[in-house]
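Enquirer: I'd like to ask you about the structure that follows.
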Amino acid sequence: MSDTPIDRVAKATPPSVASKIRGLSDRTIAWLFVAPTIFLLLAVNIFPLIWTINLSFTNFKANRPNREVDYIGLRNYERILTDGDIWLSMQATAHFLFWTIFLQVLIGFTLAWLINRKFKGNDLWTTLIVLPMMLSPAVVGNFWTFLYQPQIGLFNYGVSFFTGIDPSSFQMIGDVALAPWSIVIVDTWMWTPFVMLICLAGLRSIPDYIYEAAEIDRASKWRQFWTITVPMVLPFLMLAVLFRGIENFKMFDLVVQLTGGGPGSVTELTSINLKREAFEKWRTGYASAYAIILFVTVFGLASIYVKALNKVKER
Amino acid sequence: MKSAKLLAATALVAASGLTTTNAQAADLTLCWAAWDPANALVELSKEFEAQSGHNMNFEFVPWPNFADRMLNELNSGGKLCDLLIGDSQWIGGGAENGHYVKLNDFFDKEGISMDDFAPATVYAYSTWPKGTPNYYALPAMGDANGWFYRKDWFERPEIQEAFKSEHGRDLAPPKTQAELLQLAQFFQGREIDGQTRYGAAIFTERGSEGITMGATSAMYPFGFKYEMTPGKYDMEGAVNSAEAVAGLEFYKELYKTGTPPGYTDSYMEQSLDAFKSGQVAMAMNWFAFFPGLYADPDVGGDKIGFFVNPGQNKEASTLGGQGISVVAYSENQDAALEYVKWFAQPDVQKKWWDLGGYSCHVSVLNDPSFPDSAPFASDFLLAMDGVMDFWQEPAYAELLLAMQKRLHDYVVADQGTAQEALDKLIEDWTETFEDEGKI
């Protein structure tokens, strides 16, 4: 008896994967699917972390492969935590973090609030404002060194135009007092649009009917702002702060290009300091301990912050 | 039998062909910094290519990234470079970490004598431990930090008069560091041809080696040295001696009162830019740039003059320059050694100098016509007589970065005193040498 077309199709169809691995439990199949990801995570994240922790207790130097490696206990940690220069670097990072985030949130939110209003050329302004964010940090750092140039720099001429101060009388990136502000200004110029975009998303997510209800209740604009706008945008703002905080904690390229960590070491942020220890001085063990300390700091602060963010969202 | 002969003949032809192919097929890569002499070396090496049949490739890295890039390459056992013209300070690390091939046997076999090269350059560029007859490089490019100035401005009667009335002596290139400062201050802010000019372009760069190379040019003549007893690492009283402190204070005064505004992170390129754009009357830089400067259509020729780093308590210049080494990880070591052998020949060394490279070969340097062969040649000889170099220890990078920090903190960032900066430097270096097991 000849096969029906249905039988022929059934014979031609290869057995399903499920039937091939019949006998395996759902849990095993699930593990098979996630195993590659777990392997990659272990290889790329967890193993290096454990290796770094191990190295942090040694005097290993990557450029001295022939030298004997000794375990020196907590000596690297002790050295770092009692090193005045490291603390100065931490202070420089804290100054940079605080002021960039403060200014970016303030200006970013204000710009978002203005852009959110319907006016002619709204889209054009949004595009123009967002432009700095699209540039490479190395390029930004490079051209701001020219803008800050005391003899030919536009920034100095701008300040001179508004204040009457001689443009060559101050050096933004050469003066110990001004250099920390020079990096804050450039980072703010570059990344405020990012904060603005997140705030804009937050503002546009607020339904109009809430404002209409407030209008009916005769709430003033000021009251609407504080009781509707701010609370509803707050989770977005906090997210922006988290992103910028993490980014700026590891800030490297822009500042290296702009000041190289100088003058002296006043703009030497922890990431620059760490890079010098690890890949210029080649104190691998010491740098590993330094990296672990920074990792714990960022991880701890980020965990606290994320909990706070979740609480705000739940409200 | 016939077929056996044919086979033998084929094998012979194949073998000889293989030999020829091998010799011709060697692709050598020479690594160096990207600067004027590197271009001269490319030109010079064409002769080697024609003679040997090897192909020369070049990997030139800009100076600010040169050490980073090349030391990473060596530390990772990279095969990019067959030949490396590495900085003099790398010789200790190159030798102890096994990055460079030891050349003694090769020199003996090929009859290359280190007596044919200027002793200061052999000591600085080739030997490790210092001064011992263990050679890891052939002196390739002699260099020192020197000065150049706007000769045309110095020759203007109105400027000469102004200087004489102010200082009671003729306007001339300085003989001492004190005179250098006086000159820099004289030109600082002066109007020449309707433009504001400045005194001197000096090295203040923070990231690599700039401020150390610049400041030591002042500190060595004042009396700064690294150890009380060579090889003993007894730095107290040498690094922070009264003379060293005076030298560092001097450099800061020169920076504060004699350099253009915003000159806080400048090295070779910035010095050249400042001079070529007519900003400054004088500039420090490596002799390696002098041929290019002399040939410059705007500020070269009759407009430029050169002088050796002025002395103070003694005559001394900061050493630059490099030796050429064969990289131990190279797969073309034979061909690389062939290049070294070719480069060591007196006639090649003569051409090297003619093209703009600074030969260290005595047949070139001791030639009676050498001092007059270029306007800066006699100054080069003077400089090489009194060169001093930074530590050449395997931990040189760590030692250098410590000095960069301490000097920049004091000179540019205005933090602390010169005495404190040098005392802290001894602390940093002591820690490094303790880690290294040297003290």
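Enquirer: Strictly under 4.7 angstrom between C-beta atoms: which cysteines of the protein assembly as shown have no such partner?
Expert: When partners are defined as cysteine Cβ atoms under 4.7 Å apart, the protein assembly as shown leaves A:199, B:360 without one.
Enquirer: Something else about it: Rounded to a whole number of µm²/s, how large is the Stokes-Einstein D of the stretch A:233-315 at 25 °C and 0.890 mPa s, given Rh as the Kirkwood radius over C-alpha pairs? Walk me through the numbers on the way to the answer.
Expert: On the way: Rh = 14.5 Å.
Approximately 170 µm²/s, per Stokes-Einstein.
Enquirer: Report the charge-dipole magnitude of the protein assembly as shown in Debye, nearest 20, computed about the Cα centre from +1 at each Lys and Arg Cβ and -1 at each Asp and Glu Cβ.
Expert: Numbers: 58 positive and 85 negative charges, 733 e Å.
The calculated dipole for the protein assembly as shown is roughly 3520 debye.
Enquirer: What does the extension gain come out to for residue A:314 and residue A:27, with contour length at 0.36 nm per residue minus their alpha carbon separation?
Expert: Details: separation 287, 0.36 × 287 = 103.32 nm, distance 3.33 nm.
Stretched out fully, the residue A:314 to residue A:27 stretch lengthens by 100.0 nm.
Enquirer: On a C-alpha basis, how far is the centre of the stretch B:140-203 from the centre of the stretch B:312-386 in Å? Whole number, if you could?
Expert: Answer, in whole Å: 30.
Enquirer: Quick one: which residues, 5 or more positions from residue B:415 or on another chain, have an amide H under 5 Å from its amide H? H modelled 1.01 Å from N in the peptide plane, none for Pro or chain starts.
Expert: Those lying under 5 Å, H to H, from residue B:415 are B:410.
Enquirer: Taking neighbour counts of Cβ atoms within 10 Å as a proxy for exposure, in what order, fewest first, do A:280, B:420 appear? Walk me through the intermediate numbers first.
Expert: Numbers: A:280 20, B:420 15.
Fewest-to-most ranking of A:280, B:420: B:420, A:280.
Enquirer: Could I ask something else about it? Which FRET efficiency value, to the nearest 0.05, do you get for residue B:296 and residue B:372 by plugging their Cβ-Cβ distance into 1/(1 + (r/R0)^6) with R0 = 30 Å?
Expert: Using R0 = 30 Å, I get an efficiency of 0.90.
Enquirer: Can you list the HN-Hα couplings for the stretch B:46-59, worked out from phi with the Karplus curve (6.51, -1.76, 1.60; θ = phi - 60°), rounded to whole Hz and with x for Gly and Pro?
Expert: Residue by residue, the stretch B:46-59 yields 4, 5, 5, 4, 5, 6, 9, x, 7, 9, 9, 10, 10, 10 Hz.
Enquirer: Could you check the simple spin-label distance between residue A:212 and residue B:438, using points 7 Å along Cα→Cβ, in nm with one decimal?
Expert: 7.9 nm
Enquirer: Compute the acute angle (0 to 90°) between the alpha-carbon long axis of helix B:396-411 and the principal axis of greatest extent of the alpha-carbon atoms of chain B; round to the nearest 10°.
Expert: Helix B:396-411 sits roughly 20 degrees off the main axis of chain B.
Enquirer: Starting from the Cα of residue B:314, draw a straight line to each of the aspartates and glutamates and keep only those under 13 Å, dropping any in the same chain fewer than 8 residues away.
Expert: B:243, B:385
Enquirer: Starting from the Cα of residue A:90, step 7 Å along the direction of its Cβ; do the same at residue B:55; then give the gap between the two resulting points in nm.
Expert: That separation, rounded to one decimal, is 5.5 nm.
Enquirer: Could I ask something else about it? Please go through the residue pairs A:221/A:311; B:130/B:405; B:175/B:303; A:61/B:79 and name each one whose alpha carbons sit more than 23 Å apart in this structure. Intermediate values should be presented prior to the final figure.
Expert: Values: A:221/A:311 27 Å; B:130/B:405 26 Å; B:175/B:303 20 Å; A:61/B:79 21 Å.
Listed pairs above 23 Å: A:221/A:311; B:130/B:405.
Enquirer: Separate question: Shape of the protein assembly as shown from its Cα gyration tensor (a ≥ b ≥ c, root eigenvalues): rounded if a/c is under 1.5, otherwise prolate when a/b > b/c, or oblate?
Expert: On the way: a/c = 1.96, a/b = 1.22, b/c = 1.61.
Because a/c hits 1.5 or more and a/b fails to exceed b/c, the protein assembly as shown counts as oblate.
Enquirer: Sticking with this structure for a sec: Can you tell me the Rg and Dmax of the stretch A:76-314, counting just the alpha carbons, in angstroms?
Expert: Final numbers for Rg and Dmax: 20.9, 68 Å.
Enquirer: Roughly how big is the stretch A:76-314's charge dipole about its Cα centre, with Cβ charges of +1 (Lys, Arg) and -1 (Asp, Glu), in debye to the nearest 20?
Expert: Numbers: 17 positive and 17 negative charges, 111 e Å.
The calculation lands at about 540 debye.
Enquirer: Separate question: Which loop chymotrypsin sites (Phe, Trp or Tyr not before Pro) in the stretch A:87-155, with loop taken from DSSP, have no more than 11 other Cβ atoms within 10 angstrom of their Cβ? Let's see the in-between values first.
Expert: Details: sites: A:87, A:96, A:98, A:99, A:102, A:109, A:113, A:119, A:125, A:143, A:144, A:146, A:148, A:155; in loops: A:119, A:148.
Sites meeting the loop and neighbour criteria: A:119.
Enquirer: With unit charges on the beta carbons (Lys and Arg positive, Asp and Glu negative) and the dipole taken about the Cα centre of the stretch A:76-314, which residue among A:191, A:290, A:226 sits farthest to the positive side?
Expert: A:226
Enquirer: How far apart, in nm, are two points set 7 Å out from the Cα along the Cα-to-Cβ line at residue A:54 and at residue A:40?
Expert: Once both label points are built, they end up 2.4 nm from each other.
Enquirer: Related question: What length, rounded to one decimal in nm, is gained on full extension from residue B:385 through to residue B:313, with 0.36 nm per residue of separation minus their alpha-carbon distance? Please list the in-between numbers first.
Expert: Values: separation 72, 0.36 × 72 = 25.92 nm, distance 1.57 nm.
Taking 0.36 nm per residue and subtracting the Cα distance, the gain is 24.3 nm.
Enquirer: Then there's this: Quick check: the distance between the Cα centres of the stretch B:287-307 and the stretch B:57-104, to the nearest angstrom?
Expert: The two parts, judged by their Cα centres, are 30 Å apart.
Enquirer: While we're here: Under the Karplus relation 6.51 cos²θ - 1.76 cosθ + 1.60, θ = phi - 60°, what is the ordered set of whole-Hz ³J(HN,Hα) values for the stretch B:209-217, x standing for Gly and Pro?
Expert: Karplus values, whole Hz, x for Gly and Pro: 9, x, 5, 5, 5, x, 5, 5, 5.
Enquirer: Charges only on Cβ, +1 for Lys and Arg, -1 for Asp and Glu: so what's the dipole of the stretch A:25-122 about the Cα centre, in debye to the nearest 20? Don't skip to the answer; put the middle values down first.
Expert: On the way: 9 positive and 6 negative charges, 114 e Å.
Dipole about the Cα centre, nearest 20: 540 debye.
Enquirer: Based on DSSP, what percent of beta bridges with both residues in the protein assembly as shown are antiparallel, to the nearest 5?
Expert: Values: 25 of 40 bridges.
Beta bridges within the protein assembly as shown, antiparallel portion: roughly 60 percent.
Enquirer: What length, rounded to one decimal in nm, is gained on full extension from residue A:252 through to residue A:131, with 0.36 nm per residue of separation minus their alpha-carbon distance?
Expert: Details: separation 121, 0.36 × 121 = 43.56 nm, distance 2.09 nm.
Residue separation times 0.36 nm, minus the Cα-Cα distance, leaves 41.5 nm.
Enquirer: Gap in Å between the Cα centre of the stretch A:248-306 and the Cα centre of the stretch A:192-229?
Expert: Rounded to whole Å, the Cα centres lie 39 Å apart.
Enquirer: Moving on. Go through the stretch A:33-50 residue by residue and turn each phi into a ³J(HN,Hα) via Karplus (6.51, -1.76, 1.60, θ = phi - 60°); whole Hz please, and just put x for glycine and proline.
Expert: Whole-Hz 3J(HN,Hα) from phi for the stretch A:33-50: 6, 8, 4, x, 5, 5, 4, 4, 4, 4, 6, 8, 10, 6, 4, x, 5, 5.
Read-outs throughout are calculated quantities, based only on the coordinates presented, and are distinct from any laboratory measurement. A quick note: this is a predicted structure, and the numbers were derived from the prediction, not measured. In this analysis, Cβ positions are derived from the backbone assuming ideal geometry, glycine residues included, and neighbour counts consider all displayed protein chains.
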